[in-house]
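Working notes for the structure below.
Laboratory data are not the source of any read-out in this text; all were calculated from the coordinates shown. Quick caveat, the model's predicted, so the values are computed rather than measured. Cβ placement follows ideal geometry from the backbone for every residue including glycine, while neighbour counts extend to all protein chains displayed.
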Amino acid sequence: MRDPRRVGILISGRGSNMRALLEKASGYEIVLVASNNPDAPGIEWARARGVQTWSLASKDLAREDFDRKMSSALDDHGAGTVALAGFMRILSPWFIGEWRGRIVNIHPSLLPKYRGLDAHRRALAAGDPVTGCSVHLVTEDLDAGEVLGRVEVPVLAGDDERSLEGRVLEAEHLLYPKVLREFVRR
Ligand code: GRF
């Protein structure tokens, strides 16, 4: 039986949400940070702090082959929940089935608005006065699983993608640990 309070985080890059999940871990424990990019700055950060890490370059592997190796690493560390934090790779149906109902992700929009890439650009182009971020369950449909928590962030006059991303990221760092704490108890 997998213990949902033991969380593995998947990243591909910077890992600011990973840092927030680690620094605010309560009610759950981060047992592994895994990446499809061995050079992800977030992996270096985690390793330097004594967090268990696993990484493998995914680009030369078939999607499911990579996912099976990553799933084994998660099991080797006793993970029971998988938290995506800037993991820029579509998960295989096999992986989603294997971890069904136990994979969460953070997305920089008020879902169901702006699924997929470029959420900030699309919110600015639409002239939305408010945007935000959402934590949701991961299913086979991109960014379309059950929404577990959302927070609104105002779009300010003069905002560009960079300034908006920064303001939304601050909200992400508060929302994700809070929602994860509630999620692992259900
Ligand atoms: C965040 O905007 C998150 O919402 C999206 O990818 C970005 C990851 O940033 N899924 P970071 O690596 O956590 O800094």
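Distant-in-sequence amide contacts of Thr131, defined by a placed amide H-H separation under 5 Å and a gap of 5 or more residues or a different chain, comprise Val153, Val155. Were the residues from Glu29 through Ala144 laid out at 0.36 nm apart, the gain over their Cα-Cα distance would be 38.8 nm. Put simply, the amide H of Thr53, placed in the peptide plane, has neighbours under 5 Å in Val33, leaving out anything fewer than 5 places away on its chain. Judged by the mean number of other Cβ atoms found within 10 Å, the most tightly packed of the peptides 76-83, 160-167 leads the ranking 76-83, 160-167. Using the Cβ-Cβ distance between Leu174 and Asp65 with R0 set to 41 Å, the FRET efficiency from 1/(1 + (r/R0)^6) comes to roughly 0.65. Note: relative contact order over the chain, using C-alpha pairs below 8 Å and six or more positions apart, is 22 percent. One quarter of the convex hull surface built on the alpha carbon atoms of the stretch 67-186 amounts to 7.4 nm², the projected area averaged over directions. With a simple spin-label model that places each label point 7 Å from the Cα along the Cα-to-Cβ direction, the separation between Ala157 and Arg2 comes to 4.9 nm. Projected label points at Ala48 and Arg121, each 7 Å from Cα along the beta carbon direction, are separated by 3.1 nanometres. Taking Cβ atoms as reference points and 12 Å as the exclusive limit, the residues near Ile106 contribute a net charge of 0, counting Lys and Arg as +1 and Asp and Glu as -1.
Each part reduced to its alpha carbon centroid, the stretch 53-97 and the stretch 113-145 end up 23 Å apart.
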